[in-house]
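Contents: one structure, followed by commentary.
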Amino acid sequence: MSDFLLELRSEEIPARMQAGARSELEKLFRREMEAAGVEAGEITVWSTPRRLALIARGLPQATEAVSEEAKGPPEGAPDQAIEGFCRKNGVNREQLELRDVKGRNTYFAVIEKPGKATKDLLAEAIPAIVRDFSWPKSMRWGAASISTESLRWVRPLSGIVALLGDDVVDCEVHGVTSGAVTLGHRFHHSGDITIGNADDYAMKLRAGHVIVDHADRQDLIRTGAAKVASEAGLKLVEDEGLVIENAGLTEWPVPLLGRFEEDFLEVPPEVIQLTARVNQKYFVCEDAAGKLANAFICTANIEAEDGGARVVDGNRKVLAARLSDARFFWDVDRKKTLAEHAKGLERITFHEKLGTVADKVDRVAKLARWLVEEGIVKAADPDMAEQAARLAKADLVTEMVGEFPELQGLMGGYYARAEGLPDAVADAIRDHYKPVGQGDEVPTAPVTVAVSLADKLDTLAGFFSVDEKPTGSKDPFALRRAALGVIQLILRNGLRLSVRDTSYAACMMRVSQAKPSEPSGDSKEFEQLDLECDPSFVHEGLPDFLADRLKVQQREAGVRHDLIDAVFALGGEDDLVRLLSRVKALQSFMDTEDGANLLAGYKRAANILKKEDWHGAEGEIARTGEEDPLALVDDPDTKAVVDAKMAERHAKALSYTPEPAEKALMDALATSQPAAAQAIAAEDFSGAMAALASLRAPIDRFFDEVTVNADEENKRAHRLDLLAAFRAAVHKVADFSRIEG
């Protein structure tokens, strides 16, 4: 068994591509080994800016000889067919064997394949790996680049080290031949480095000032940056992405601390951090009070003789130029109020079917005020909510956000405070994009909630109303993310709203905006607006989309999918807070013995009713044309009255003395139905489940002691009605037919 080392050396590989390149190299190597019949065990892949390296442990010296069989034509087949079979498998006719296959002699070729040296297999595999390597961006180079058949690589390939044990694996790729020689650090080491085998590779490169293991470089940067910050009495602002990026830019990282002028601290700290991070790949530091300090940490790729003083000074000058630009943007932007900036939104198209960003802002402002005035978002000032909404997008046309789009919203908050707007308005402008995704902070300040919810609802309503819905994996306008944001805002703040009514209001904002003048109040004009707000969008499209997102969110949170479906299947419920409360109560109930046994009783009753095609007294009322009291009432507060009427109907229909178990179930239903209805009306879903639990013993006893399909027609009908009433009582809480178990 031998270890194999492969190093592919090139010009600088972009840091952002290195993680993907490591995965690609391992994948292609395993593919080639598997195709050659070599089992690849432990594989280690490293990267630096100038090389990719792979070490595979425990490869065999050669593959084993194998014997393969091929089935050919039957005996008596034409000579041409037999000869063709022989040519295909590299044998002659005398080497064929005759075997019985289902009573007929058939030719078989037994092909002996000798083992092959792993070294030879690797020599064939390396060029294939290089040729098939997939890069996000690649290039051709040299004289051969005039041909489209020439090699493409991320940067010009300059060297290959290929060693199996102590032996060189000879191969050639695009004029580059393999060997045992590599190069060290570009500045700290001159001359070649000869590698003996895989075991001394990392050690010899480290001696040449190259830390080949990217994880080691990351650790060095992480700890080194924290150390130089601590030595200066500061605290490093941790940034793991920056650690990885700097490790991908250096082969011998040396963190160095520098200072910039304190005057730049007048600029918002997020701007300074983003300027240092994005443009220069620098870390920033905080002082003991947790405020941004006038310090930065750069990662040099050399160990300078002067301790890095010249490196730091050069980086300080570059950062100062960048910060000067940022301060200029900050000063220029504050010369206008946000309201003046907002006028520029008329020049930005939001979507060709939905108008400009200014049009969207107008809709969001009206919707935010509506949410407050309707009492959906409580404790918010409607004037502040509208003002914040009208200014929330104004920073999109500022110089600062033009340079750093990541700061949209945040800069608007800073500009709002700079011009003396109320804190609630500034906070709403700053945070109205939140939550951006799963795990992001969810706003709770009332004005912010109103603006954020209105913004996301308008986006959803707008795109749904122009039929730009997500399809499959395609969601170009991030509507799934917007829907998740709406759900998080509603649930986190306990907002009680009808999704359909709110969707309808958002739709009407857009429709009314499209009119050349304000509605006059004429009923026909409002009817026309109503027609233009597509009912299918209001009652099916957006509400169903939000419900589906809620299902996905709850499943990811560990809620059983069948319990979610059981509650959602009831229909007619679009208060997400109430829906979720019902789901959670159902999940708690189904975890109990009463819940499991009641489910078993329900399924038995449902199966009997399905077999008999029995719809119960309610169904009979509907079939005879008699008014169904259940159809007359949607208000949960009156469910108890309806249930009492149905119980009275059952009692009047009796023409015989019920058996004790039958009477017990009738009494239990008479008690539990109104109790469950009252609990549901009070949104006490745990209480509703408790009322259902009281049916568990009576339904079990009923099945044990009562013959449902009695010979007497009146008994049979009443008992089936009783089971239908039991099913209906359970369905008031959840559709138990959707529950597994």
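The values are calculated or read from the model by the stated rules, or taken from the named source; none is laboratory data. Since this is a predicted model, take the numbers as computed values, not measurements. We place every Cβ from the backbone using ideal geometry, glycine too, and count neighbours over all the protein chains shown.
On inspection, Ala379 passes the criterion of being at positive phi and in contact (Cβ under 8 Å) with a residue 60 or more places away in the chain.
Have a look at Gly375, Gly412 and point out the one that is under 16 Å from Phe329 (Cβ atoms) and of a type in the set (Gly, Ala, Ser). Break it down into steps so the answer makes sense when it comes.
Details: Gly375 fails: under 16 Å from Phe329 (Cβ atoms).
Answer to the selection: Gly412.
Among the residues of region 170-208, those identified as more than 44 Å from the chain's Cα centre (by Cα) and assigned to a loop (DSSP other than H, G, I, E, B) are Asp170, Gly175, Ala180, His188, His189, Ser190, Gly191, Ile195, Gly196. Here the strands (runs of 3 or more DSSP E) wholly within region 12-80 that include at least 3 residues being closer than 30 Å to Gly103 by Cβ are 66-74.
Against the conditions (1) of a type in the set (D, E, K, R); (2) in contact with an Asp or Glu (Cβ under 9 Å, 6 or more places away or on another chain); (3) in a helix (DSSP H, G or I), Asp313 satisfies every one except (2).
If you go through region 672-689 and pick out every residue that is more than 13 Å from Phe726 (Cβ to Cβ) and either more than 39 Å from the chain's Cα centre (by Cα) or touching a residue at least 24 places away in the same chain (Cβ under 8 Å) (or both), you end up with 11. If the condition is being crowded, with 18+ Cβ neighbours inside 10 Å and not in a loop (DSSP other than H, G, I, E, B), then region 143-158 contributes Trp153, Leu157. The set of residues in region 687-705 that are surrounded by fewer than 22 Cβ atoms within 10 Å (Cβ to Cβ) and closer than 16 Å to Asn607 by Cβ comprises Asp700, Phe703.
Each row is one residue, and each column tells you yes or no for (1) of a type in the set (Asp, Glu); (2) closer than 26 Å to Asp591 by Cβ; (3) not in a loop (DSSP other than H, G, I, E, B).
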{"site": "Gln673", "(1), (2), (3)": "no, yes, yes"}
{"site": "Leu692", "(1), (2), (3)": "no, yes, yes"}
{"site": "Arg701", "(1), (2), (3)": "no, yes, yes"}
{"site": "Asp704", "(1), (2), (3)": "yes, yes, yes"}
{"site": "Ala724", "(1), (2), (3)": "no, no, yes"}
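Ile272 - would you say it is closer than 20 Å to Gln218 by Cα and touching a residue at least 12 places away in the same chain (Cβ under 8 Å)? Give the derivation first.
Values: closer than 20 Å to Gln218 by Cα: no; touching a residue at least 12 places away in the same chain (Cβ under 8 Å): yes.
No; evaluated as a whole, the condition is false for this residue.
Does Arg30 satisfy the criteria of being of a type in the set (D, E, K, R) and over 28 Å from the mean Cα position of the chain (by Cα)? It would help to see each step written out before you state the result.
Details: of a type in the set (D, E, K, R): yes; over 28 Å from the mean Cα position of the chain (by Cα): yes.
Here the answer is yes, as Arg30 does meet what is asked.
Please specify each residue of region 44-62 satisfying the condition of being at pLDDT below 95 and of a type outside the set (Gly, Ala, Ser). Those that are at pLDDT below 95 and of a type outside the set (Gly, Ala, Ser): Arg57, Leu59, Pro60, Gln61. Residue under question is Gly402, and the condition is that it be on the phi > 0 side of the Ramachandran plot and surrounded by fewer than 24 Cβ atoms within 10 Å (Cβ to Cβ); does it hold? In short, no. Looking across region 125-142, the residues that are surrounded by 14 or more Cβ atoms within 10 Å (Cβ to Cβ) and touching a residue at least 40 places away in the same chain (Cβ under 8 Å) come down to Ala125, Ile126, Pro127, Ala128, Ile129, Val130, Phe133, Trp135. Of the residues making up region 370-381, those that are crowded, with 21+ Cβ neighbours inside 10 Å and either in a loop (DSSP other than H, G, I, E, B) or over 32 Å from the mean Cα position of the chain (by Cα) (or both) are Ile376, Val377, Ala380.
Somewhere in region 572-592, is a residue in contact with a His (Cβ under 9 Å, 6 or more places away or on another chain) and in a helix (DSSP H, G or I)? Scanning region 572-592, I find no residue that is in contact with a His (Cβ under 9 Å, 6 or more places away or on another chain) and in a helix (DSSP H, G or I), so the answer is no.
Return a yes/no flag: does region 261-279 have any residue that is in contact with a strand residue (DSSP E or B) (Cβ under 8 Å, 6 or more places away or on another chain), crowded, with 21+ Cβ neighbours inside 10 Å and either over 30 Å from Arg9 (Cβ atoms) or in the same structural domain as Arg222 (by TED's automatic domain parsing) (or both).
Applying the first criterion (in contact with a strand residue (DSSP E or B) (Cβ under 8 Å, 6 or more places away or on another chain)) to region 261-279 yields 261-262, 264-265, 269, 272-273, 276-277.
Narrowing further to those that are crowded, with 21+ Cβ neighbours inside 10 Å: 272, 276.
Applying the additional criterion that residues be either over 30 Å from Arg9 (Cβ atoms) or in the same structural domain as Arg222 (by TED's automatic domain parsing) (or both) yields 272, 276.
Scanning region 261-279, I find at least one residue that is in contact with a strand residue (DSSP E or B) (Cβ under 8 Å, 6 or more places away or on another chain), crowded, with 21+ Cβ neighbours inside 10 Å and either over 30 Å from Arg9 (Cβ atoms) or in the same structural domain as Arg222 (by TED's automatic domain parsing) (or both), so the answer is yes.
Set side by side, the residues Lys360, Lys335, Lys343, Lys353 differ, and just one is modelled with pLDDT of 95 or more and outside any helix (DSSP H, G or I), which is Lys335. Residues that are within 30 Å of Gly184 (Cα to Cα), touching a residue at least 40 places away in the same chain (Cβ under 8 Å) and of a type in the set (Asp, Glu) do not occur anywhere in region 326-339. Every test in (1) touching a Ser or Thr at 6+ places or on another chain (Cβ under 7 Å); (2) modelled with pLDDT under 95; (3) not β-branched (Val, Ile, Thr) is passed by Glu303 save one, and that test is (1). Is it the case, given these coordinates, that Arg363 is of a type in the set (Lys, Arg), touching a Lys or Arg at 6+ places or on another chain (Cβ under 8 Å) and crowded, with 20+ Cβ neighbours inside 10 Å? Here the answer is yes, as Arg363 does meet what is asked. Does Ser47 satisfy being surrounded by fewer than 19 Cβ atoms within 10 Å (Cβ to Cβ), in the same structural domain as Pro127 (by TED's automatic domain parsing) and either among the polar types (S, T, N, Q) or over 46 Å from the mean Cα position of the chain (by Cα) (or both)? In short, no.
The single condition among (1) touching a residue at least 12 places away in the same chain (Cβ under 8 Å); (2) in a loop (DSSP other than H, G, I, E, B) that Leu319 does not satisfy is (2). A search for C-beta distances below 7 Å between a residue of region 228-249 that is in the same structural domain as Ile302 (by TED's automatic domain parsing) and touching a residue at least 12 places away in the same chain (Cβ under 8 Å) and any residue that is outside any loop (DSSP other than H, G, I, E, B) and basic (Lys, Arg), counting only pairs 6+ apart in sequence or on different chains, returns Ala229/Lys235; Asp239/Arg277; Leu242/Arg277; Val243/Arg222; Ala247/Arg217. Selection of region 489-524 for residues being surrounded by 15 or more Cβ atoms within 10 Å (Cβ to Cβ) and at pLDDT below 85 yields Tyr504, Cys507, Met508, Met509, Arg510, Val511, Ser512. Reported count of residues in region 159-192, each being surrounded by 14 or more Cβ atoms within 10 Å (Cβ to Cβ) and touching a residue at least 60 places away in the same chain (Cβ under 8 Å), is 13.
Can you name the residue in region 114-123 that is out of contact with any helix residue (DSSP H, G or I) (no Cβ under 6 Å at 6 or more places or on another chain) and surrounded by 13 or more Cβ atoms within 10 Å (Cβ to Cβ) and, of all such residues, is farthest from Val169 (Cα to Cα)? Before you say what the answer is, go through the steps one by one.
Of region 114-123, the ones out of contact with any helix residue (DSSP H, G or I) (no Cβ under 6 Å at 6 or more places or on another chain) are 114-120, 122-123.
Those left that are additionally surrounded by 13 or more Cβ atoms within 10 Å (Cβ to Cβ): 115-120, 122-123.
Numbers: Gly115: 18, Lys116: 14, Ala117: 11, Thr118: 10, Lys119: 6, Asp120: 8, Leu122: 7, Ala123: 6 Å.
Checking each candidate, the answer is Gly115.
Condition check for Ala36 on (1) surrounded by fewer than 13 Cβ atoms within 10 Å (Cβ to Cβ); (2) among the small types (Gly, Ala, Ser); (3) under 15 Å from Leu122 (Cβ atoms): one failure, at (1).
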